[in-house]
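The values are calculated or read from the model by the stated rules, or taken from the named source; none is laboratory data. Being a predicted model, the structure only gives us computed values, none of them experimental. Note that each Cβ is placed from the backbone with ideal geometry, even for glycine, and that neighbours are counted across all protein chains shown.
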Amino acid sequence: MTTAQTQPLSRPEPPTARIPLWDRRFTLYFVARAVSLFGDAMMPVVTALAVGALYGVSGVGLVLGIWTGTFVLLVLFGGVFADRFGARRMMIGADLVRVLTQGALAAAFFAGPPPFWLLVTAAALAGVAVAMFLPGVNGMVPLVAREPQRANATLKVADALAHLLGPALAGLLVVLTSAGVVYAIDAGTFLLSALCLALVRLAPSAASPADPAGADSPTRSGSSLRRDLRLGWQEFRARTWMWAVILIWVGFGVLLFGPLVPLSSAVIAARFGPNAYGLAVSFLGVGTVLGGLLALRLRPARPLAAGAVAVGLYTALPLSTALGGSLPVLLGGHVLGGVAVAFWSVMWATSVQTHTPPAVLNRVTAYELAGSVSGIALGQILAGPATALASPERLLLVSSVACLVGCVALFATPAIRTLRRADPASVAGE
């Protein structure tokens with residue numbers, strides 16, 4: 001166990017200190033994330049309904065799996081490039097690429113049923129863009145907000161509201177208009193996100209031995225890609241709590257998060273109709289709002305231990321879907337699942353940001369993203385073939401058991417359970 005693992009980056013702030021959050025930088029960043037999250041929240045529904053209607057569960061799983069698999073293959077390079085060229089620059093470029101991919105899909109759906117190769121190609125290109133975008137998301141938060149937990153919780157509430165409104169709107173638009181309208185809206189959200197990010201002006205970050213140019217400036221020219229990847233891996237491997245969580249999350253990805261959308265969308269649509277799936281995902285958003293608000297108020301001394309307890313609530317989501325209960329029971333399970341995933345997400349993101357040196361944060365984020373999402377890609381791809389062996393309901397029961405086992409594993413791991421909260425006073429690089 002290293003010093004970085006056991007010592008906060010700086011002295012904790014007094015619990016009563018309240019640092020202003022809504023300055024110009026954070027407001028622009030918040031708008032950028034909120035609008036793109038709203039567009040993203042519509043995508044699982046439109047993919048499940050529009051692609052599922054044309055190509056079935058296997059088609060949905062393959063499109064999602066190609067997207068996720070491409071992301072996993074390239075996200076490590078996204079982390080290096082974000083540290084080398086600046087997270088904001090990489091995020092703007094990725095947004096513009098997704099304007100093109102989602103715009104092309106919109107045009108294709110307006111013209112008629114798109115060929116499967118186009119759906120897969122667009123998914124792959126979007127996966128490349130997200131691999132360049134997401135590593136910078138974590139690294140940008142300390143640059144635009146000096147109190148990371150409040151910023152993360154606020155962004156999680158925006159994410160939750162997006163998942164509350166986006167899926168319901170997507171389901172309604174698919175029924176009343178066409179999938180092309182949803183993809184066109186998504187393209188517009190990425191365009192607005194790129195504009196807001198372009199207007200953000202960051203203060204120069206504090207220099208560090210690993211990156212003297214700062215967190216949003218190019219690193220020195222002598223730094224090699226291999227060296228950058230190796231340094232990121234060393235920092236990731238040095239934190240037992242981090243790689244232990246990611247190992248558990250790989251299992252979650254294969255057995256829980258990966259197959260959840262293809263399986264649950266098929267089960268819910270067959271039982272209650274296509275609009276019910278969008279409604280269920282919206283109630284997941286309700287729970288996510290509640291979880292984000294809870295994370296705004298609670299500041300546990302051991303954030304990952306508290307988050308691990310919350311993860312147990314997520315079991316209600318696949319379980320309520322698998323057991324075939326009434327619609328209110330199904331929606332209640334999604335609310336509990338939303339609370340769980342939101343609270344965990346805030347505790348996790350804040351822990352990563354406050355226990356990792358800023359100069360390597362994007363690279364470390366890339367490693368944890370690659371590990372956690374790799375399992376999701378495999379789970380998405382295997383969801384269709386798995387239905388030949390067991391019904392979607394039985395597979396969702398397996399997901400429920402996996403969630404409980406993973407929750408126990410999180411809490412039983414000492415490095416995860418004992419990690420203490422750290423609140424860097426100058427994490428934004430002021």
| Out of all the residues in the range 287-305, which are modelled with pLDDT of 85 or more and surrounded by fewer than 21 Cβ atoms within 10 Å (Cβ to Cβ)? | Leu290, Leu293, Leu294, Arg297, Leu298, Arg299, Pro300, Ala301, Arg302, Ala305
| request: Sort out which residues of the range 64-90 are over 24 Å from Leu378 (Cβ atoms), small (Gly, Ala, Ser) and assigned to a helix (DSSP H, G or I), and write them in order of number. | output: Ala82, Ala87
| Only one residue in Leu197, Leu119 is closer than 26 Å to Val281 by Cβ and out of contact with any His (no Cβ under 6 Å at 6 or more places or on another chain). Which one? | Leu119
| task | Could you give me the residue pairs with C-beta distances under 6 Å whose first residue belongs to the range 230-259 and is touching a residue at least 60 places away in the same chain (Cβ under 8 Å), whose second residue is aromatic (Phe, Trp, Tyr) wherever it lies, and which are 6+ apart or on separate chains? | result | Gly232/Tyr367; Phe236/Tyr367
| said: If I filter the range 27-43 for residues that are under 29 Å from Thr154 (Cα atoms), over 16 Å from the mean Cα position of the chain (by Cα), without any contact (Cβ under 8 Å) to a residue 40 or more places away in the chain and assigned to a helix (DSSP H, G or I), do I get at least one hit? | reply: yes
| request: Could you check how many residues of the range 324-349 are under 14 Å from the mean Cα position of the chain (by Cα) and of a type in the set (Ser, Thr, Tyr)? | output: 1
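Tell me yes or no: at least one residue of the range 238-252 is of a type in the set (D, E, K, R), within 30 Å of Ala340 (Cβ to Cβ) and either at pLDDT 90 or above or touching a Leu at 6+ places or on another chain (Cβ under 8 Å) (or both). If you could, list the steps in order and put the result at the bottom.
Taking the range 238-252 and keeping what is of a type in the set (D, E, K, R), we get 239.
Checking which are within 30 Å of Ala340 (Cβ to Cβ) leaves us with 239.
Okay, now just the ones that are also either at pLDDT 90 or above or touching a Leu at 6+ places or on another chain (Cβ under 8 Å) (or both), so 239.
The answer is yes; a qualifying residue exists.
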| query | In the range 231-275, which residues are farther than 21 Å from Gly61 by Cβ and aliphatic (A, V, I, L, M)? | reply | Leu231, Ala238, Met242, Ala244, Val245, Ile246, Leu247, Ile248
| message | Among the residues that make up the range 111-118, is at least one of them touching a helix residue (DSSP H, G or I) at 6+ places or on another chain (Cβ under 9 Å) and surrounded by 24 or more Cβ atoms within 10 Å (Cβ to Cβ)? | response | no
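Let's see how each residue does on (1) charged (D, E, K, R); (2) out of contact with any strand residue (DSSP E or B) (no Cβ under 9 Å at 6 or more places or on another chain); (3) within 24 Å of Ser265 (Cβ to Cβ):
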{"site": "Gly127", "(1), (2), (3)": "no, yes, yes"}
{"site": "Gly136", "(1), (2), (3)": "no, yes, no"}
{"site": "Val144", "(1), (2), (3)": "no, yes, no"}
{"site": "Lys156", "(1), (2), (3)": "yes, yes, yes"}
{"site": "His163", "(1), (2), (3)": "no, yes, yes"}
{"site": "Gly166", "(1), (2), (3)": "no, yes, yes"}
{"site": "Leu169", "(1), (2), (3)": "no, yes, yes"}
| message | Of everything in the range 136-159, what is touching a helix residue (DSSP H, G or I) at 6+ places or on another chain (Cβ under 7 Å) and aliphatic (A, V, I, L, M)? Give them in sequence order. | response | Met140, Val141, Val144, Ala145, Ala151, Ala153, Leu155, Val157, Ala158
| said: Quick check on my filter: what residues within the range 170-188 are surrounded by fewer than 19 Cβ atoms within 10 Å (Cβ to Cβ), in a helix (DSSP H, G or I) and at pLDDT below 85? | reply: Leu172, Val175, Leu176
| note | Per the filter on the range 231-245, residues crowded, with 20+ Cβ neighbours inside 10 Å and among the β-branched types (Val, Ile, Thr) are Val245
| query | Which members of the range 304-335 meet the condition of being farther than 17 Å from Glu393 by Cα, of a type in the set (A, V, I, L, M, F, W, C) and in contact (Cβ under 8 Å) with a residue 40 or more places away in the chain? | reply | Leu304, Ala305, Ala306, Ala308, Val309, Val311, Val335
| message | Just to verify a result, which residue in the range 376-419, among those that are of a type in the set (A, V, I, L, M, F, W, C) and part of a loop (DSSP other than H, G, I, E, B), is modelled with the highest pLDDT? | response | Leu419
